[in-house]
1. What is the spin-label model distance, in nm, from ASP136 to GLN42 if the labels are put 7 Å beyond Cα along the C-beta direction?
2. Give me the net charge for the shell around ARG4: Cβ to Cβ below 9 angstrom, other residues only, Lys and Arg +1, Asp and Glu -1.
3. Enter the accessible area per residue of the stretch 1-43 (Å², integer; probe 1.4 Å; all protein chains in place).
4. Provide the net charge surrounding ALA72, with neighbours chosen by a C-beta distance below 12 Å and charges set as Lys +1, Arg +1, Asp -1, Glu -1.
5. Scan around THR83 for amide H atoms under 5 Å from its own, H built in the peptide plane at 1.01 Å from N, and keep only partners 5 or more places away or cross-chain.
6. If I model a spin label as a point 7 Å beyond the Cα along the Cα-Cβ vector, how far apart are those points for ALA63 and ALA101 in nm?
7. In whole Hz and in residue order, list the ³J(HN,Hα) couplings for the stretch 21-27 that follow from phi through the Karplus curve 6.51 cos²θ - 1.76 cosθ + 1.60, θ = phi - 60°; x for Gly and Pro.
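The values are calculated or read from the model by the stated rules, or taken from the named source; none is laboratory data. Since the structure is predicted, the reported quantities are computational estimates derived from the model, not experimental observations. Note: ideal-geometry Cβ built from the backbone for every residue, glycine included; neighbour counts use all protein chains shown. Areas reflect the complete protein model, heavy atoms only, side chains present, ligands, DNA and RNA absent. Shrake-Rupley method; radii C 1.70, N 1.55, O 1.52, S 1.80 Å.
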Amino acid sequence: MYDRILVPVDGSDTSNHGLQEALRLAKRLGARLRLLHVVDPQLVYIDFGGMVNVSDYVESIRAAGRDVLAEALKIAEAEGVPTDAELREKNGGTVADLVLAEAKKWEAGMIVMGTHGRRGIRHLVMGSDAMGVVRDATIPVVMVRDPAAR
């Protein structure tokens, strides 16, 4: 049942804590991982008055996403866990929507992800991709809080 674990990664310490927990679970369960990094090119489509080449910037965030995935793949391979990686672009919707769509498409049995554990006004202002995943997931979601995020 839990032979496929989806792990959203963004290169942050919080995300890396989620990856470490996913690796521990995968070893115990004999599961394979799929790493997912979401790029949002819409963040750069604002008017810079022609001073910035937007297509170069979008490509640079894609390249940064590929770097995040390569680093996470290296960590998983060092642990001996079968792992692959996907880079997805957000074009409308939310990051949570993309995570859930990838989980369904790949037939993941579980999602493991880091969370900042924001509460109160910080949560209301900043939102939470992790909470969106938990709220709408039809499979188990393991949320791993970064101990430093207090």
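1. 1.2 nm
2. Every neighbour counted, the sum reads 0.
3. 46 Å²
4. After counting each charged neighbour, the total is -4.
5. Those qualifying (amide H under 5 Å, at least 5 residues apart or on another chain) are LEU33.
6. Label at ALA63, label at ALA101, 2.6 nm between them.
7. Per-residue couplings from phi come out as 5, 4, 5, 4, 5, 4, 5 Hz.
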